[in-house]
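Structure, as structure tokens:
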Amino acid sequence: QVQFVESGGGLVQPGGSLRLSCATSGLIFSFYSMAWYRQAPGKQRELVAGIISGASTSYADSVKGRFTISRDNAKNTVYLQMNSLKPEDTAVYYCNTLPHKKYWGQGTQVTVSS
């Protein structure tokens with residue numbers, strides 16, 4: 001059974017940084033492209049950043065230059081370094097494969113507020 005366990009969220013002031021982690025199990029991690037998604041209150045879930053099994057990455061325009069996605073295939077873990085955070089980055093952040101599977105983890109809440 002596929003599992004995604006996200007962590008690292010919290011409350012941060014505008015301009016601050018957070019590093020999210022997502023531990024996965026139940027899949028051959030290195031075979032998959034992985035991604036981070038987010039869902040803000042009242043909005044649809046959106047794709048934030050993706051990483052191919054090698055090192056190729058892609059980002060939503062809203063986070064380009066501020067967020068960095070990375071992966072450690074030995075640890076079956078994907079990361080999201082978030083810098084220069086803005087209030088509009090407030091959301092629950094999820095990891096999943098790219099394209100995503102039907103199952104989602106619990107996500108991790110990121111709140112950017114002064």
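The values are calculated or read from the model by the stated rules, or taken from the named source; none is laboratory data. Just so you know, these numbers come straight off a predicted model, no measurement behind them. Cβ atoms come from the backbone with ideal geometry, glycine included; neighbour counts cover every protein chain shown. These area figures cover heavy atoms from the full protein model, side chains too; ligands, DNA and RNA do not enter into them. Shrake-Rupley method; radii C 1.70, N 1.55, O 1.52, S 1.80 Å.
Numbers below:
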quantity	calculated
Residues located in the stretch 83-113, provided they are more than 20 Å from VAL2 (Cα to Cα) and either modelled with pLDDT under 95 or in contact with a helix residue (DSSP H, G or I) (Cβ under 7 Å, 6 or more places away or on another chain) (or both)	VAL110, VAL112, SER113
Residue satisfying condition, being of a type in the set (Asp, Glu) and in contact (Cβ under 8 Å) with a residue 40 or more places away in the chain, within set GLU6, GLU46	GLU6
Matching option when the condition is closer than 19 Å to GLY8 by Cβ, without any contact (Cβ under 8 Å) to a residue 40 or more places away in the chain and open to solvent by 30 Å² or more (accessible area, probe 1.4 Å), among THR57, THR111	THR57
Residue match in the stretch 74-84 (condition: out of contact with any Gly (no Cβ under 7 Å at 6 or more places or on another chain), open to solvent by 60 Å² or more (accessible area, probe 1.4 Å) and over 15 Å from ALA49 (Cβ atoms))	yes
